[in-house]
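All remarks here apply to the structure that follows.
The values are calculated or read from the model by the stated rules, or taken from the named source; none is laboratory data. Because the structure is predicted, anything quoted here is derived from the model rather than measured. Note: accessible area is taken over every heavy atom of the protein model, side chains too, but ligands, DNA and RNA are not part of it. Shrake-Rupley method; radii C 1.70, N 1.55, O 1.52, S 1.80 Å.
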Amino acid sequence: MRANIAVLGGTPFFEQPLQIVRPGFPLVESYLSAFQAACAAGQVTNGQWVLEFERKLSEYVGVPTLTFCNGQLALMTMLRAAGIKGGEVIVPSFTFPATPHAVRWSGAEPVFADIGADGSMCLDPSDVERKITPRTVAILGVDPYGIASDYDALTKIGQRHDLKVLFDSAPAFGTRLHGSPVGRHGDAQIFSFHATKAFPTMEGGCLCSNDQELLERARAIRNFGQGVGGDCVEPGLNGKLTEVCALLGLEQLKSFDQRAAVRRRAVERMASGLRQIPGLRLPQLSADQEPIWLYLPVVVDRDSFGLDRNEVAAVFEKENLFVRKYYSPPCHHMGAYEAMRELSLPHTEAAAYNVIALPVYNDMTDFECDGIVQLFFEVHRAAPKIRDLLR
């Protein structure tokens, strides 16, 4: 790493690129014999290793769990299994578009609510309550970047209004609340195991719920809607997980808590330095939660930092640090939801158009963390000169 940054005519700050994700997988040798046996038996999906993975996941999160081939199908199935076929579902706009897409696919209409002014970046319970109408059938919270939603507040709203309360926790597997892994909140909760996540199985996901009826319905939907005897009581889909992904997941679980601790230490180290730099705002969290941190979101204030979010991202790319503008644009500004573009969601828009997401790895080093902080400092210090060069 060098202080004479590339944008000012030097060499890239990071000699080796820091990509936005750096997924880690167990050695093939650790599960090869079991996979070979599965292939030889012809049971490569929905077999013994999937069942064992579900058992281990249920033990980990403390609630019955079904696996899926990806998080999106887990989300779509959760909505359908909860009885969502029409009406309105309140969701944040500050989320990955998979969230409202799943609502639309279920036959319902997403109603976007704002995130809070408290800096948590999560759905604002007060705005959720304001958005409830006679057509509302559910609240679908999101755990952005792995930050736990206000589960209790949203659940109480749902109980008061007789609504289903569901959580799209795609990036939050491994997040802890009051010392325990999340997964048992609301009527049901889903996670993603995509390669970008802290717990990757290449592709995969799961649905967690204490509602046995919802789980059994989800189990049937996952298998084309088939129940006992092969009869289909409703249209389903093919959401089954493969044996190889289950084997990967079983291996990942063995060391996941250690890798989660690395992620948390990395964020703590970066955050302590970034808070000393003017114009940078980090999420404000309650003391009772420990996010898994899909990424570390940083909101950039142009006036105080000296550059806007887009300029920072462009400069960082030249310095071999690759960030994401995530979640941006907000969902209500996407073409699929054009009719909602004029909604007033001020906190959502302020975050979406000023945030950059920094990489967080399962094997992140202190050297990398300190380098990211130093690069922010160097770019802030040189901001007037950089702005002249960018014009």
I'd like the distance separating the alpha-carbon centroids of region 367-391 and region 29-56, in whole Å.
48 Å
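What does the helix-only formula give at 222 nm for the chain: each DSSP H stretch with n ≥ 4 adding -39500 (n - 2.57), the total divided by the residues, and the result rounded to the nearest 500 deg cm²/dmol?
About -11500 deg cm²/dmol.
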re region 1-92: pairs of Cα atoms spaced beyond 16 Å account for a percent value of 77 percent
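Scale the Cα Rg of region 57-157 by the rule-of-thumb value 2.2 N^0.38 Å and send over the ratio, two decimals. If you can, show how the numbers build up before the last one.
Details: Rg = 13.6 Å, N = 101, 2.2 N^0.38 = 12.7 Å.
That ratio works out to 1.07.
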Most mobile of Val360, Val233, Val142 per a Gaussian network model of the chain (Cα springs, under 10 Å)?
Val233
Computed ³J(HN,Hα) along region 349-365: with the Karplus parameters 6.51/-1.76/1.60, θ = phi - 60°, integer Hz and x for glycine or proline, the list is 5, 4, 6, 4, 9, 9, 9, 10, 9, 8, x, 9, 10, 5, 10, 5, 9
Between helix 48-61 and the chain, what is the angle of the helix's C-alpha long axis to the longest principal axis, kept within 0 to 90° and rounded to the nearest 10?
60 degrees
Per the 1.4 Å probe, what fraction of the accessible area of region 142-206, in percent, lies on carbon and sulfur atoms?
46 percent
Which lysines, on any chain, are close to Lys240 with Cα under 19 Å apart, when same-chain ones fewer than 8 places away are left out?
Lys56
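Direction-averaged shadow area of the convex hull around the Cα atoms of region 196-270, nm²?
Working: hull surface 28.0 nm².
Dividing the Cα hull surface by four gives the mean projection, 7.0 nm².
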To two decimal places, what compactness ratio does region 247-391 give when its Cα radius of gyration is scaled by 2.2 N^0.38 Å?
1.17
Just tell me which aspartates and glutamates come within less than 20 Å, Cα to Cα, of Lys385; anything on the same chain fewer than 8 places away is out.
Asp301, Asp303, Asp308, Glu311, Glu317, Glu319
Roughly how tilted is helix 71-81, in degrees to the nearest 10 and between 0 and 90, from the longest Cα axis of the chain?
40 degrees
Accessible carbon and sulfur surface of region 284-332 relative to its total accessible area, %, 1.4 Å:
39 percent
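Report the Rg/Rh value for region 75-233, based on alpha-carbon coordinates and the Kirkwood definition of Rh.
Working: Rg = 15.1 Å, Rh = 15.8 Å.
When Rh is taken as the Kirkwood radius, the ratio is 0.96.
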Taking the alpha-carbon centre of each part, the distance from region 178-211 to region 87-102 in Å is 18 Å
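Past 23 Å, Cα to Cα, is the threshold; run Lys164/Lys254; Lys164/Lys325; Lys197/Lys325; Lys197/Lys254; Lys254/Lys325 against it and keep the listed order. Intermediate results must be reported in sequence, preceding the final value.
Values: Lys164/Lys254 34 Å; Lys164/Lys325 31 Å; Lys197/Lys325 17 Å; Lys197/Lys254 16 Å; Lys254/Lys325 32 Å.
Listed pairs above 23 Å: Lys164/Lys254; Lys164/Lys325; Lys254/Lys325.
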Cα pair count fraction exceeding 16 Å, expressed as % - region 110-178
44 percent
Would you mind getting the accessible area per residue of the chain, heavy atoms of the protein chains only, 1.4 Å probe, in Å²?
42 Å²
Sorted by chain and number, the residues with a modelled amide H under 5 Å from that of Leu358, at a separation of 5 or more or across chains, are Leu296, Val298
